[in-house]
Amino acid sequence: MTDTKEAIKEGYESRDTGLLNTGSLSATDIKEGLRDLANDEFSEFEKLRNGAYYYDPFGLPEGTSVTGELKHLFKRKLVVNTQDIQSQFDIAPADVDFFAERLVDQQYISRISTGDRDYYRSGPDLRDETSGDASVSARLEKEATLGTLSHSKLENVIDVAATSDVIRHLVNEGFVVDMGDDYLVRSCFDEYAEFLVDEIGDDVVDEFDDIGVLTLDEFEQVVENEISERYDVLLHLDRNDTEQLFDEIRGQLKEEYGLTEDKAVIRHEEDFEEYVDARADQILEDIDQQALGQPSDLVDEGRPQIAEIVVSDAERVNGYVRDAIEERFERKVDAMFQVGNKSTE
């Protein structure tokens with residue numbers, strides 16, 4: 001291929017026969033030159049019809065100008081038709097369908113079939129080459145409020161005649177979730193989760209009571225109940241969407257309310273620490289410390305009381321709480337004897 005290109009270049013630049021040094025060119029010369037290029041198997045030229053040729057820029061530096069034009073187009077419009085493409089690239093009406101097919105082949109645009117005519121949205125490769133700011137997701141994120149779009153707002157964003165077909169396409173392709181009156185933008189799950197946490201966060205934390213511990217299953221059920229009491233969003237989500245949304249909610253609840261996940265339970269740090277500390281102090285006070293001379297004696301005396309602690313119907317929670325109280329109790333015993341030893345020195 002390199003040798004062929006060099007031969008073409010040499011012929012073009014030749015002093016005797018090349019076009020570069022020709023004083024003038026006739027229309028026939030130009031047509032013959034284009035025809036020769038189109039017939040060359042290694043040329044990027046392709047004849048479309050009489051007087052019309054296509055130069056394939058993809059994979060070449062010139063291709064960036066194509067993606068740049070598409071970026072400008074899709075930053076203005078979520079959905080375009082062939083007339084929009086024709087106008088953006090200044091293409092003859094007879095050639096726009098051909099060019100649109102090439103853009104589809106390159107995955108710079110994706111076709112939305114609507115019956116009477118085709119519409120197009122930005123494709124995956126255009127997103128990759130333009131940092132995503134001309135993508136469908138980016139446009140929907142920009143227009144969404146708290147992660148959702150009303151039906152009328154989405155219609156305005158689409159702004160073409162075949163609104164229902166385009167919405168169906170966006171749902172089927174996973175860009176939005178149809179929730180009846182509203183549409184949840186999938187790439188805005190974090191924003192929607194933040195909205196839900198603001199609504200349910202305090203009530204979720206109240207379910208930890210004074211103990212401050214729930215199993216993960218109990219926690220998930222509490223979150224689900226609090227959401228379902230207010231909204232029907234979970235009825236419209238599939239399993240993967242629900243898991244993704246719950247992951248976002250759980251993460252934001254942890255950060256905002258000081259929750260920690262540990263050994264298949266989740267604890268509210270402040271309440272849990274207060275409860276564990278208070279129970280350890282209570283057990284220490286109940287023991288006749290005067291009759292016990294060694295730290296191990298106090299620990300042995302306290303363990304049966306700790307073993308009797310029951311705070312939940314879930315044995316996993318009971319075991320977790322007992323372990324924490326026992327550890328805190330032993331630390332308090334050690335600290336007490338260390339203070340006593342220092343006072344006698």
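Answer with yes or no whether Ser87 is among the hydroxyl-bearing types (Ser, Thr, Tyr) and modelled with pLDDT under 90. Give the derivation first.
On the way: among the hydroxyl-bearing types (Ser, Thr, Tyr): yes; modelled with pLDDT under 90: no.
In short, no.
Of all residues being surrounded by 19 or more Cβ atoms within 10 Å (Cβ to Cβ) and not small (Gly, Ala, Ser) in the range 141-156, which is nearest to Asn81 (Cα to Cα)? Just the residue, please.
Per the stated criteria, the residue is Leu154.
Mind listing whichever residues of the range 186-221 are aliphatic (A, V, I, L, M), touching a residue at least 60 places away in the same chain (Cβ under 8 Å) and part of a helix (DSSP H, G or I)?
Scanning the range 186-221 gives a single hit, Val205.
For Glu224, state whether it is out of contact with any strand residue (DSSP E or B) (no Cβ under 9 Å at 6 or more places or on another chain), loosely packed, with under 13 Cβ neighbours inside 10 Å, free of Cβ contacts under 8 Å to residues at least 24 places away in the same chain and part of a helix (DSSP H, G or I).
no
Answer yes or no as to whether Val160 is outside any helix (DSSP H, G or I), at pLDDT 95 or above and over 30 Å from Asp262 (Cβ atoms).
No, not satisfied.
Whether any residue in the range 126-148 is within 30 Å of Gly319 (Cβ to Cβ) and at pLDDT 90 or above is what I want to check.
No - not one qualifying residue is present in the range 126-148.
Of the residues that make up the range 176-185, is at least one part of a helix (DSSP H, G or I) and outside the structural domain of Ser110 (by TED's automatic domain parsing)?
no
Failed condition for Ile309, given (1) closer than 24 Å to Val204 by Cβ; (2) outside any helix (DSSP H, G or I), with all others met?
All conditions pass for Ile309, except number (1).
Between Ser122, Ser87, Ser137, which is under 25 Å from His236 (Cβ atoms) and not β-branched (Val, Ile, Thr)?
Of the residues listed, the single one that is under 25 Å from His236 (Cβ atoms) and not β-branched (Val, Ile, Thr) is Ser137.
Please specify each residue of the range 82-116 satisfying the condition of being in contact (Cβ under 8 Å) with a residue 24 or more places away in the chain and at positive phi.
Correct list: Gly115 only.
With respect to the numbered conditions (1) part of a helix (DSSP H, G or I); (2) in contact with a helix residue (DSSP H, G or I) (Cβ under 6 Å, 6 or more places away or on another chain), which one is the sole condition not fulfilled by Ile266?
(1)
With the condition kept exactly as written, say whether any residue in the range 288-295 is of a type outside the set (D, E, K, R) and either modelled with pLDDT of 95 or more or surrounded by 18 or more Cβ atoms within 10 Å (Cβ to Cβ) (or both).
No.
Scan the range 68-111 for residues that are part of a loop (DSSP other than H, G, I, E, B) and touching a strand residue (DSSP E or B) at 6+ places or on another chain (Cβ under 6 Å) and report the count.
2
Restricted to the range 158-171, and to residues that are surrounded by fewer than 18 Cβ atoms within 10 Å (Cβ to Cβ) and β-branched (Val, Ile, Thr), which residue is farthest from the chain's Cα centre (by Cα)?
Thr163
Would you please name the residue that is surrounded by the fewest Cβ atoms within 10 Å (Cβ to Cβ), looking only at residues in the range 236-252 that are part of a helix (DSSP H, G or I) and charged (D, E, K, R)? It would help to see each step written out before you state the result.
Our first condition is that a residue be part of a helix (DSSP H, G or I); within the range 236-252, this holds for 236, 239-252.
Narrowing the set further to residues that are charged (D, E, K, R) leaves 239, 241, 243, 247-248, 250.
Working: Arg239: 7, Asp241: 17, Glu243: 11, Asp247: 13, Glu248: 19, Arg250: 19.
Ranking the qualifying residues of the range 236-252, first place goes to Arg239.
Evaluate the following for Val321: is it out of contact with any His (no Cβ under 9 Å at 6 or more places or on another chain), buried (at least 18 other Cβ atoms within 10 Å of the Cβ) and either of a type outside the set (D, E, K, R) or not assigned by TED's automatic domain parsing to the domain that holds Glu218 (or both)?
Details: out of contact with any His (no Cβ under 9 Å at 6 or more places or on another chain): yes; buried (at least 18 other Cβ atoms within 10 Å of the Cβ): yes; either of a type outside the set (D, E, K, R) or not assigned by TED's automatic domain parsing to the domain that holds Glu218 (or both): yes.
Considered against the rule, which asks whether it is out of contact with any His (no Cβ under 9 Å at 6 or more places or on another chain), buried (at least 18 other Cβ atoms within 10 Å of the Cβ) and either of a type outside the set (D, E, K, R) or not assigned by TED's automatic domain parsing to the domain that holds Glu218 (or both), Val321 comes out as yes.
The values are calculated or read from the model by the stated rules, or taken from the named source; none is laboratory data. Everything quoted here is computed from the prediction, not taken from an experiment. Neighbour counts run over all protein chains shown; Cβ positions are idealised from the backbone, glycine included.
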